[in-house]
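*Asks:* If you scroll down you'll find the structure; I have some questions about it.
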Amino acid sequence: PVRRVLCLAGSLRRDSWNRRLLRAAMAQAPATLQLDVYDALAAVPLFDEDLEQHDPAGPAGVQALRAAIAAADGLVIATPEYNHAIPGVLKNALDWLSRESPAGDVLPEKPMAVLGASSGPWGTRLAQASLRQVLHTCGALVMPAPTLFVAGAASRFDTDGTLTDPATAQSLQGFMLAFERWMARVAPPLARPEP
Ligand code: FNR
């Protein structure tokens, strides 16, 4: 069966290395995965409990992200590293998603994987550690291994933003294969129809 994977980059930047990494993952994923890169993170407003009280379903930008995650079998998050942590835009979106919604909770028990790219030499190690902590708090089932830290991102893509580094491409291929196995393991299809 084909499993649907939503890919989310924690960056609004047009030429984001993290979004480019997710585009490269689409090329490296097995044919049994259908990957989509989410492109509307900018529509998620700053979290405010007053907005929640005004409309329990949340603003339209939050509803759209929630629906996209609900429709996917798994979520892959590529995070930048800002000051040794995850960017505010990503934390903000996760804070919204962690709240109860009439549309249902989308983070608990959702199979997830995290990776990330940075221009520096450490490849988002600390950001990924803090992202894992947030996702565990929200009840997500985060793939423990393999990890993928893409350092020196600028040297791994061409001017069009296409991944040119064979080692990173190979790591991505292994990462997506592992995520497919992880999804099958933690969210196996029902053995028999529900009564
Ligand atoms: C950064 N950057 C950065 N890089 C890193 O490896 N460790 C860090 O702690 C930080 N801190 C940091 C803070 C702020 C405010 C900015 C704007 C940037 C650099 C960062 O890795 C680089 O800008 C990436 O290109 C961001 O990811 P996207 O937008 O290309 O996906």
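*Asks:* Among the numbered criteria (1) modelled with pLDDT of 95 or more; (2) more than 16 Å from the ligand (Cβ to nearest atom); (3) of a type in the set (Gly, Ala, Ser), which one does ALA78 miss?
*Replies:* The failed condition is (2).
*Asks:* Where the second residue is surrounded by fewer than 16 Cβ atoms within 10 Å (Cβ to Cβ) and among the charged types (D, E, K, R) and the first is at negative phi and at pLDDT below 95 and lies in the range 82-97, which pairs have Cβ atoms under 9 Å and are six or more apart or on separate chains?
*Replies:* No pair meets every condition.
*Asks:* Test LEU126 against the criterion of being assigned to a helix (DSSP H, G or I) and within 16 Å of the ligand (Cβ to nearest atom), and give yes or no.
*Replies:* yes
*Asks:* For the range 10-62, name all the residues that are closer than 23 Å to MET112 by Cβ and among the basic types (Lys, Arg).
*Replies:* Listed by number, the residues that qualify are ARG13, ARG19, ARG20, ARG23.
*Asks:* While we're here: Do you know which residues across the range 79-88 are closer than 10 Å to LEU131 by Cα and assigned to a strand (DSSP E or B)?
*Replies:* Correct list: ALA85 only.
Conditions tested, residue by residue: (1) more than 13 Å from the chain's Cα centre (by Cα); (2) within 16 Å of LEU177 (Cα to Cα); (3) surrounded by fewer than 14 Cβ atoms within 10 Å (Cβ to Cβ).
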site: ARG19; (1), (2), (3): no, no, no
site: VAL76; (1), (2), (3): no, yes, no
site: ASN83; (1), (2), (3): yes, no, yes
site: LEU94; (1), (2), (3): no, no, no
site: SER98; (1), (2), (3): yes, no, no
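*Asks:* Something else now. If the requirement is being out of contact with any strand residue (DSSP E or B) (no Cβ under 9 Å at 6 or more places or on another chain), touching a residue at least 24 places away in the same chain (Cβ under 8 Å) and under 24 Å from ARG3 (Cβ atoms), which of these qualifies: GLY116, GLY58, GLY104, GLY120? Working first, answer last.
*Replies:* On the way: GLY116 fails: out of contact with any strand residue (DSSP E or B) (no Cβ under 9 Å at 6 or more places or on another chain); GLY58 fails: under 24 Å from ARG3 (Cβ atoms); GLY120 fails: under 24 Å from ARG3 (Cβ atoms).
Just one listed residue meets the conditions, GLY104.
*Asks:* Looking for something within 11 Å of the ligand (Cβ to nearest atom), loosely packed, with under 14 Cβ neighbours inside 10 Å and part of a helix (DSSP H, G or I) - is there at least one such residue anywhere in the range 136-148?
*Replies:* Taking the range 136-148 first, the residues within 11 Å of the ligand (Cβ to nearest atom) are none.
Taking every residue of the range 136-148 in turn, none turns out to be within 11 Å of the ligand (Cβ to nearest atom), loosely packed, with under 14 Cβ neighbours inside 10 Å and part of a helix (DSSP H, G or I).
*Asks:* Also, I was wondering about something else. Would you please name the residue that is surrounded by the most Cβ atoms within 10 Å (Cβ to Cβ), looking only at residues in the range 100-123 that are within 15 Å of the ligand (Cβ to nearest atom) and over 14 Å from the mean Cα position of the chain (by Cα)? Working first, answer last.
*Replies:* Step one: of the range 100-123, the residues within 15 Å of the ligand (Cβ to nearest atom) are 114-123.
Subset that is over 14 Å from the mean Cα position of the chain (by Cα): 118-123.
Details: SER118: 23, SER119: 14, GLY120: 10, PRO121: 9, TRP122: 13, GLY123: 21.
Looking at residues that are within 15 Å of the ligand (Cβ to nearest atom) and over 14 Å from the mean Cα position of the chain (by Cα), I get SER118.
The values are calculated or read from the model by the stated rules, or taken from the named source; none is laboratory data. Since we're looking at a predicted model, the values are computed, not measured. Methodologically, a virtual Cβ is constructed for each residue, glycine included, from the backbone with ideal geometry; neighbour enumeration extends over all protein chains shown.
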